[in-house]
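The values are calculated or read from the model by the stated rules, or taken from the named source; none is laboratory data. Note that the structure is a prediction, hence the values are computed from the model and not measured. Heads up, the Cβs are rebuilt from the backbone with ideal geometry, glycines too, and the neighbour counts pull from every protein chain shown. For accessibility, only protein heavy atoms count, side chains too; no ligands or nucleic acids. Shrake-Rupley method; radii C 1.70, N 1.55, O 1.52, S 1.80 Å.
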Amino acid sequence: MTAAPGSPGGGPGARQEGDEGAALDDVRIDDALAALARRARERNRGRARRLTELLTAPPAALDDAAREEAMRLCHTVAGSAATFGQLGLSEAATRLESALGAGGDTDVRGPLDVLRSEAGTD
């Protein structure tokens, strides 16, 4: 079995020990991913704050449009958080989305508190 080009196992384009260009590329990629993760955490904190606004308003204020917005925000947080390794936040967002989807007078306060804690907004 031959190693793929650019892989450490050899072959054309394989990285050789001391290949500083490849190491520099790896650092750049790591830096870019870290920056994306920081940005995702910040955006998810903003989403958590918006969820708090929506879900702590008087019950009459949670009309269909507000509930839909809250569910969409939960879904977005769940996916974003899972992508960047924030599994507790992802799970909390999924639970809150399910509670909102149950409708009626389902209490969302507990799941919201967990989400806020995981997002670092409490």
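Can you name the condition, by its number, that residue 29 falls short on among (1) without any contact (Cβ under 8 Å) to a residue 24 or more places away in the chain; (2) among the β-branched types (Val, Ile, Thr); (3) open to solvent by less than 90 Å² (accessible area, probe 1.4 Å)?
The one condition residue 29 does not meet is (3).
Given the conditions (1) buried (at least 22 other Cβ atoms within 10 Å of the Cβ); (2) assigned to a loop (DSSP other than H, G, I, E, B); (3) aliphatic (A, V, I, L, M), which single one is not true for residue 92?
(2)
Answer with yes or no whether residue 28 is part of a helix (DSSP H, G or I), on the phi < 0 side of the Ramachandran plot, basic (Lys, Arg) and at pLDDT below 95. Lay out the reasoning, then the answer.
Values: part of a helix (DSSP H, G or I): yes; on the phi < 0 side of the Ramachandran plot: yes; basic (Lys, Arg): yes; at pLDDT below 95: yes.
Spelling it out, residue 28 is indeed part of a helix (DSSP H, G or I), on the phi < 0 side of the Ramachandran plot, basic (Lys, Arg) and at pLDDT below 95.
What pairs can you find where one residue is in region 54-72 and surrounded by 15 or more Cβ atoms within 10 Å (Cβ to Cβ), the other is of a type in the set (Gly, Ala, Ser) and assigned to a helix (DSSP H, G or I), and their Cβ atoms are less than 7 Å apart, with a gap of 6+ or different chains?
Going by the 7 Å Cβ cut-off, the qualifying pairs are 54/66; 54/70; 55/70; 71/101.
Listed residues 76, 106, 94, 83; which is polar (S, T, N, Q) and modelled with pLDDT under 95?
Details: 76 fails: modelled with pLDDT under 95; 94 fails: modelled with pLDDT under 95; 83 fails: modelled with pLDDT under 95.
Just one listed residue meets the conditions, 106.
Of the residues 99, 81, only one is open to solvent by less than 20 Å² (accessible area, probe 1.4 Å), small (Gly, Ala, Ser), touching a residue at least 12 places away in the same chain (Cβ under 8 Å) and farther than 27 Å from residue 33 by Cβ; which? Even if it seems obvious, please write down each step before you answer.
Numbers: 81 fails: farther than 27 Å from residue 33 by Cβ.
The unique qualifying residue is 99.
Look through 35, 23, 40 and report the one residue that is at pLDDT below 95 and part of a helix (DSSP H, G or I). Give the steps one after another, and end with the answer.
Numbers: 35 fails: at pLDDT below 95; 40 fails: at pLDDT below 95.
On inspection, the qualifying residue turns out to be 23.
Identify the residue in region 107-121 that is out of contact with any Ser or Thr (no Cβ under 9 Å at 6 or more places or on another chain) and not small (Gly, Ala, Ser) and, among all such residues, is least open to solvent (accessible area, probe 1.4 Å). First the steps, then the outcome.
First pass over region 107-121, keeping only residues out of contact with any Ser or Thr (no Cβ under 9 Å at 6 or more places or on another chain): 107-108, 110, 113-114, 117, 119-120.
Narrowing the set further to residues that are not small (Gly, Ala, Ser) leaves 107-108, 113-114.
Working: 107: 111, 108: 20, 113: 64, 114: 72 Å².
Residue satisfying both the conditions and the ranking: 108.
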